[in-house]
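J.: This is the structure I have questions about; it appears just below.
We did not get these values from a lab; they are worked out from the coordinates using the rules stated. The model shown is predicted, which means the values in this text are computed figures rather than measured ones. Glycine also receives a Cβ, built like all others from the backbone with ideal geometry; neighbour counts cover every protein chain displayed.
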Amino acid sequence: MNTQELIENAKKMVAGDKGLLAMDESNPTCDKRFAKWGIPQTVEARRAYREMIVTTPGLGESISGAILYDETIREQKKDGAPFVKAIADAGIIPGIKADTGAKDMAAHPGEKITEGLDGLRGRLAEYSQMGARFAKWRAVIAIGDGIPSRGCIEANAQALARYAALCQEAGLVPVVEPEVLMDGEHSLAECGEVTEEVLRTVFAQLCAQRVMLEGLILKPNMVLPGLACPQQESVDEVADATVRCLLRSVPAAVPGVAFLSGGQSGELASARLNAMNVRFKSGLPWAVAFSFARAIQQPALEIWRGKESNVVAAQQALLHRARCNQAARRGEYNAAMDKDMSARTNIPQVAKPAA
Ligand code: 13P
């Protein structure tokens, strides 16, 4: 392991006002999102969608790194150039999703454990050879009646730490993603308590597995009320609760926190990230960045709909959301920006599909 290179790469991933673009949806997740918009669920449709993303002109000005899926890292553009090359040529660091998915956890109804440790050392070596410089592993924690259990939190935290140690051994920066899900009726305070317990456990395990904190990125959820909770706090209250939770549980040696969006609307994810940077940036030990999938990609997917003729408009929408989040990193985002930019770039309005 080249320690200095790991540290430098981790810093680059959250440097300035850029952030990460997650485009590592597994095939079933990607197909599910395509189905909703009547897009064929084929290898070629997924490839064409990813080509639309990686060839977006100027994307590297707001995106520091892109997380790919196993299928995508092996694919090429129509002209034969590998995606990894297109990304690197755009000044974007290629990354890879390293877990193999969250599966039902034995003896823990309603809970999941993320798999993928078997054979991971070999897969990471292959990804590194293909050009990946970082990797991601997502654990999911649900809040509900009697859950999360201690068993679920500990098993997922240990898997995250074992994965992170293997990443660093392979010279890849681990993006450590313990996601406390938004689904449910739980309150903001409950989400804060669970997130704090999860993060404390994850960092205890990272230390036990001798992971170098300076060479990793944390990808947590924001502290939010459940989607079905009647009380939905303001943007500033969410920012305060999130930063308070992270300050209690994330060591200062970590270079950056890059949030997942988790199903928030693009506008809300940007507004909440913005509020954290406006209210706290100067006093925080780590960069507060983004690693969004839906909060960057969603409008682009809705416009693209599998049609070559929609590629340019979809790319404008993608770039627009990336730039909104870049502005949020500087604390300069406001909701009007979303509207202004749509008007300026002629992004078409699309009808929503039936639920
Ligand atoms: P969302 O931003 O859509 O939550 O996706 C982030 C991610 O990478 C989930 O693993």
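J.: From the list Arg150, Arg138, pick out the single residue that is under 24 Å from Leu206 (Cα atoms) and surrounded by fewer than 16 Cβ atoms within 10 Å (Cβ to Cβ).
T.: Arg150
J.: Across the stretch 94-124, what is the total count of residues that are in a strand (DSSP E or B) and closer than 30 Å to Val14 by Cβ?
T.: 8
J.: Would you pick out the residues in the stretch 9-42 that are out of contact with any Pro (no Cβ under 9 Å at 6 or more places or on another chain), within 16 Å of the ligand (Cβ to nearest atom) and part of a helix (DSSP H, G or I)?
T.: Result: Asn27, Pro28, Thr29, Cys30, Asp31, Lys32, Arg33.
J.: Which condition from (1) crowded, with 24+ Cβ neighbours inside 10 Å; (2) without any contact (Cβ under 8 Å) to a residue 40 or more places away in the chain; (3) of a type in the set (Ser, Thr, Tyr) is the one that Ser309 breaks?
T.: Condition not satisfied by Ser309: (1).
J.: Please state which one of Ala300, Ala275, Ala289 is within 16 Å of the ligand (Cβ to nearest atom), farther than 22 Å from Pro174 by Cβ, in contact (Cβ under 8 Å) with a residue 40 or more places away in the chain and not polar (S, T, N, Q).
T.: Ala300
J.: Here's a check for you: in the stretch 180-190, which residue that is within 15 Å of the ligand (Cβ to nearest atom) and buried (at least 20 other Cβ atoms within 10 Å of the Cβ) is farthest from Ser265 (Cα to Cα)?
T.: Result: Val180.
J.: Residue by residue through the stretch 154-167, note down the ones that are surrounded by fewer than 24 Cβ atoms within 10 Å (Cβ to Cβ) and not small (Gly, Ala, Ser).
T.: Answer for the stretch 154-167, where residues must be surrounded by fewer than 24 Cβ atoms within 10 Å (Cβ to Cβ) and not small (Gly, Ala, Ser): Glu154, Gln158, Arg162, Leu166.
J.: If you go through the stretch 223-268, how many residues are within 16 Å of the ligand (Cβ to nearest atom) and either of a type outside the set (Ser, Thr, Tyr) or assigned to a loop (DSSP other than H, G, I, E, B) (or both)?
T.: 18
J.: If you don't mind, another one. Output the residues belonging to the stretch 51-73 that are in a helix (DSSP H, G or I), over 16 Å from the mean Cα position of the chain (by Cα) and buried (at least 18 other Cβ atoms within 10 Å of the Cβ).
T.: Listed by number, the residues that qualify are Glu51, Met52, Val54, Leu59, Gly60, Thr72, Ile73.
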